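Asker: What follows is a structure written as structure tokens; I'll ask about it next.
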Amino acid sequence: MWLQTSCDLVFDISVPTPFVLMLRPRSGALQWVAREEYKIDPSVPVFEFTDNYGNLCQRLVAPEGHFSIHTSSRVMIADILDRAPGAPFVEVQMLPGEVLGFLLPSRYCESDRFGHMANQITEDCLPGYDQVAAIEAWLRNTFRYEPGVSDLLLSAQEVNQQPSGVCRDFAHLGIALCRSLCIPARMVVGYLHNLQPMDLHAWFEAYVGGRWYTFDATQYDLFDTYRKGGYVTLGYGRDAADVAIFNQYGPAVIPIEQRVSVERLNTEAD
């Protein structure tokens with residue numbers, strides 16, 4: 001399917017403030033970016049770089065006063081996500097080097113604290129994809145998904161003590177549980193078509209059967225026969241600390257306006 005995504009951020013800046021942004025999707029195996037638009041007002045010099053995870057990032061200094069960012073993209077992605085029940089666990093010694101870092105505990109995913117719980121959740125599962133699917137189902141059945149319930153960044157341990165959480169919380173706990181089983185897992189941020197309420201979204205991917213697969217405990221598998229597509233990736237990382245759509249340095253600022261939209265197009269030419 002073809003999707004048109006957009007994100008508008010507006011800030012009121014009190015002093016010139018350095019920003020690092022992560023708002024450009026990149027083309028890859030699962031998505032093709034056909035068109036992009038990126039506007040900053042007032043115009044300032046912008047320097048782009050690729051971070052350690054291959055994400056496209058932009059550096060700038062926002063001037064004092066009203067400062068706005070507009071991005072939009074036209075992206076082709078899959079209508080249905082790949083599923084692979086029975087896909088095998090990949091032994092650590094056989095993992096690609098670039099995947100190994102996603103086995104380690106990180107700031108918000110204390111995977112070294114969840115081994116016993118993960119084994120209990122997955123005790124009747126074949127090692128690999130089926131274990132991750134069981135973790136995803138456990139998250140969905142154990143916690144309430146409540147968009148906007150909190151802006152606080154919670155670690156997996158903190159999430160596990162709450163009755164509900166936002167998409168980022170579900171991803172952190174899912175990642176920690178996977179890593180505790182020696183299954184590489186990473187956090188993903190981006191857009192999701194038909195997300196309610198519409199906003200930026202977070203989910204996680206796990207490496208089994210020789211590739212990455214998408215898991216999202218906030219969304220339901222209708223009839224357990226397919227997973228809807230509509231995911232557009234902006235960034236990958238170990239946890240939320242690596243995939244903020246913006247980081248600012250200096251006096252704290254938050255957007256005074258934030259608007260996100262995702263529309264399905266009939267064809268690329270729409």
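Asker: Can you confirm whether the stretch 29-42 contains a residue that is of a type in the set (A, V, I, L, M) and within 17 Å of the chain's Cα centre (by Cα)?
Answerer: yes
Residues are listed down the side, and each one gets a yes or a no for (1) surrounded by 18 or more Cβ atoms within 10 Å (Cβ to Cβ); (2) under 20 Å from Leu200 (Cβ atoms); (3) among the basic types (Lys, Arg):
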site: Lys39; (1), (2), (3): no, yes, yes
site: Asp51; (1), (2), (3): no, yes, no
site: Gly54; (1), (2), (3): no, yes, no
site: Ala62; (1), (2), (3): yes, yes, no
site: Phe67; (1), (2), (3): yes, yes, no
site: Val75; (1), (2), (3): yes, yes, no
site: Glu98; (1), (2), (3): no, no, no
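Asker: When residues of the stretch 97-123 are filtered for being among the aromatic types (Phe, Trp, Tyr) and within 14 Å of Glu158 (Cβ to Cβ), how many remain?
Answerer: Matching residues across the stretch 97-123 total 2.
Asker: For the condition in contact (Cβ under 8 Å) with a residue 12 or more places away in the chain and within 26 Å of Ser27 (Cβ to Cβ), what is the one hit in Ala185, Ala118?
Answerer: Among Ala185, Ala118, only Ala185 is in contact (Cβ under 8 Å) with a residue 12 or more places away in the chain and within 26 Å of Ser27 (Cβ to Cβ).
Asker: Within the stretch 163-177, is there a residue that is farther than 20 Å from Thr142 by Cα and buried (at least 24 other Cβ atoms within 10 Å of the Cβ)?
Answerer: Looking for residues that are farther than 20 Å from Thr142 by Cα and buried (at least 24 other Cβ atoms within 10 Å of the Cβ), one finds none in the stretch 163-177, hence no.
Asker: If you don't mind, another one. Do you know which of the residues in the stretch 117-129 that are within 17 Å of Trp212 (Cα to Cα) and crowded, with 19+ Cβ neighbours inside 10 Å is nearest to the chain's Cα centre (by Cα)?
Answerer: Per the criteria, the residue is Tyr129.
Asker: Could you go through the stretch 213-226 and let me know if any residue there is outside the structural domain of Gly65 (by TED's automatic domain parsing), aromatic (Phe, Trp, Tyr) and assigned to a strand (DSSP E or B).
Answerer: yes
Asker: Do we find a residue being within 30 Å of Pro251 (Cα to Cα), at pLDDT 95 or above and either in the same structural domain as Leu200 (by TED's automatic domain parsing) or surrounded by 15 or more Cβ atoms within 10 Å (Cβ to Cβ) (or both) anywhere in the stretch 78-91?
Answerer: no
Asker: Let me ask something additional. Looking only at the stretch 191-207, count every residue that is in contact (Cβ under 8 Å) with a residue 60 or more places away in the chain, within 15 Å of Thr218 (Cβ to Cβ) and surrounded by 23 or more Cβ atoms within 10 Å (Cβ to Cβ) and tell me the total.
Answerer: 2
Asker: Which members of the stretch 106-116 meet the condition of being within 20 Å of the chain's Cα centre (by Cα) and surrounded by 15 or more Cβ atoms within 10 Å (Cβ to Cβ)?
Answerer: Ser106, Tyr108, Cys109, Glu110, Ser111
Asker: Under 28 Å from Leu195 (Cβ atoms), in contact with a Pro (Cβ under 9 Å, 6 or more places away or on another chain) and modelled with pLDDT of 95 or more, is that true of Thr50?
Answerer: Judged against the criteria, Thr50 is not a match.
Asker: Return the residues of the stretch 118-143 that are acidic (Asp, Glu) and at pLDDT 95 or above; say none if nothing qualifies.
Answerer: Listed by number, the residues that qualify are Glu123, Asp130, Glu136.
Asker: Scan (1) β-branched (Val, Ile, Thr); (2) touching a residue at least 24 places away in the same chain (Cβ under 8 Å); (3) surrounded by 13 or more Cβ atoms within 10 Å (Cβ to Cβ) for the single condition Val15 breaks and write down its number.
Answerer: Checking Val15 against (1) β-branched (Val, Ile, Thr); (2) touching a residue at least 24 places away in the same chain (Cβ under 8 Å); (3) surrounded by 13 or more Cβ atoms within 10 Å (Cβ to Cβ), the one that fails is (3).
Asker: Is there a residue in the stretch 153-161 that is touching a Pro at 6+ places or on another chain (Cβ under 9 Å) and crowded, with 22+ Cβ neighbours inside 10 Å?
Answerer: No, there is no match, as no residue in the stretch 153-161 is touching a Pro at 6+ places or on another chain (Cβ under 9 Å) and crowded, with 22+ Cβ neighbours inside 10 Å.
The values are calculated or read from the model by the stated rules, or taken from the named source; none is laboratory data. Here the structure is a predicted model, which is why all the values come from computation and not from measurement. Virtual Cβ from ideal backbone geometry, glycine too; neighbours counted across all protein chains shown.
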